[in-house]
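Let me begin by presenting the structure, written as structure tokens, before commenting on it.
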Amino acid sequence: MQHNTFTIMEKKWYVELFENYANKYEQECFTKGTVTEVDFLEQELAFDKSKRILDIGCGTGRHSIELAKRGYTVRGIDLSEQMLSKARENAKVAKVNVDFRQADARTFSFPGEFDLAIMLCEGGFSLMETDMMNFQILKNAAEALKPGGKLIFTCLNALFPLNHSIGDFVSEGTTGLQVSNFNLQQFRDHSTYTITGDDGREMVLKCNERYYAPSELNFMLELLGFKQILITSCETGIMNRKRELKTSDYELLTIASI
């Protein structure tokens with residue numbers, strides 16, 4: 001007797017989380033620096049309201065909406081329809097128009113449409129399970145830019161775990177996660193994260209996040225045609241060009257022009 005064989009694909013942790021997290025996301029401490037972060041973005045745009053902006057991994061739309069309030073044309077994309085639904089609600093409350101679309105950062109294509117692409121607070125990049133997927137996100141962002149356009153993004157800083165006792169880092173985790181394995185060859189943090197979703201259901205997520213060294217980012221961005229690349233320190237609500245990156249910084253900020 002012949003039996004049909006089915007392969008059940010495990011739902012990725014970032015898919016499961018963001019299906020049930022929109023309301024709680026907006027209460028997270030790292031979402032509280034939106035206004036000053038957009039102040040920084042405006043400076044990078046030279047306050048030119050004609051500039052078109054792509055917000056990759058826009059979540060509930062906090063940066064997109066704040067930019068739209070200031071007169072910019074913004075398209076926000078995200079993998080999660082639940083996050084986008086909340087973003088549309090927020091835009092309606094704020095009385096602004098933002099072009100929110102469901103899209104995968106690994107596969108979208110908007111060739112030459114934008115003056116600025118942003119990926120803030122790990123908006124897709126560094127969350128993917130392979131380096132090739134992360135590179136494809138950078139490639140898609142680069143191709144979405146007009147000549148002279150900018151890409152601004154944050155990601156996890158590979159210098160951070162090197163600044164800590166590796167034994168402590170692996171056993172304790174970086175942000176209260178229960179870390180099962182930190183891979184030093186791949187600089188990937190494999191961890192178990194338990195969280196209660198918007199619906200009250202407890203989720204146990206098997207996370208896999210990539211930490212990037214400045215040299216890796218420089219190499220990838222140069223390969224994609226970026227000419228000016230600056231990598232600095234950043235914190236929630238604090239972004240500028242003058243903050244020197246340190247090994248104690250959990251995140252880094254990259255500003256690149258093509």
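The values are calculated or read from the model by the stated rules, or taken from the named source; none is laboratory data. Everything numeric here is computed off the predicted structure, so don't read it as measured data. When we count neighbours, we look across all protein chains shown, and the Cβ atoms used for this are built from the backbone with ideal geometry, even at glycine.
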Consider Ile65 carefully, then state whether it is β-branched (Val, Ile, Thr), out of contact with any helix residue (DSSP H, G or I) (no Cβ under 8 Å at 6 or more places or on another chain) and buried (at least 22 other Cβ atoms within 10 Å of the Cβ).
-> no
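Name the strands (runs of 3 or more DSSP E) wholly inside the range 152-258 in which the number of residues that are among the aliphatic types (A, V, I, L, M) and either in contact with a His (Cβ under 7 Å, 6 or more places away or on another chain) or at pLDDT below 95 (or both) is 1 or more. Before the answer, list the steps.
On the way: elements: 178-183, 188-196, 202-210, 228-233, 251-257.
By residue number, 178-183, 188-196, 202-210.
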From the list Ala87, Ala141, Ala94, which one is modelled with pLDDT of 95 or more, within 11 Å of Gly57 (Cβ to Cβ) and small (Gly, Ala, Ser)?
-> Ala141
Sole exception among (1) within 30 Å of Pro111 (Cβ to Cβ); (2) out of contact with any Cys (no Cβ under 7 Å at 6 or more places or on another chain) for Phe187, by number | (1)
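Where residues in the range 68-95 are over 25 Å from Met239 (Cα atoms) and among the aliphatic types (A, V, I, L, M), which of them is surrounded by the fewest Cβ atoms within 10 Å (Cβ to Cβ)? It would help to see each step written out before you state the result.
Residues of the range 68-95 that are over 25 Å from Met239 (Cα atoms), as a first pass: 79-82, 84-86, 88-89, 92-93, 95.
Adding the requirement that they be among the aliphatic types (A, V, I, L, M) leaves 79, 84, 93.
On the way: Leu79: 19, Leu84: 23, Val93: 9.
In this case the residue turns out to be Val93.
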Taking Gly124 and the conditions (1) over 28 Å from Ser191 (Cα atoms); (2) touching a strand residue (DSSP E or B) at 6+ places or on another chain (Cβ under 9 Å), which numbered condition does it fall short on, given that it satisfies the others?
-> (1)
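Here are some residues: Phe100, Phe108, Phe114. Which one is of a type in the set (Phe, Trp, Tyr), out of contact with any Leu (no Cβ under 7 Å at 6 or more places or on another chain) and either buried (at least 23 other Cβ atoms within 10 Å of the Cβ) or modelled with pLDDT of 95 or more (or both)?
Phe108
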Boolean, Glu216 is among the acidic types (Asp, Glu), crowded, with 19+ Cβ neighbours inside 10 Å and under 19 Å from the mean Cα position of the chain (by Cα) = no
Within the range 18-33, identify whether any single residue is in contact with a helix residue (DSSP H, G or I) (Cβ under 7 Å, 6 or more places away or on another chain) and modelled with pLDDT of 95 or more, and answer yes or no.
-> no
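Going by what's in this entry, would Gly148 be described as exposed (fewer than 15 other Cβ atoms within 10 Å of the Cβ), modelled with pLDDT of 95 or more, part of a strand (DSSP E or B) and of a type outside the set (A, V, I, L, M, F, W, C)? Even if it seems obvious, please write down each step before you answer.
Working: exposed (fewer than 15 other Cβ atoms within 10 Å of the Cβ): yes; modelled with pLDDT of 95 or more: yes; part of a strand (DSSP E or B): yes; of a type outside the set (A, V, I, L, M, F, W, C): yes.
Here the answer is yes, as Gly148 does meet what is asked.
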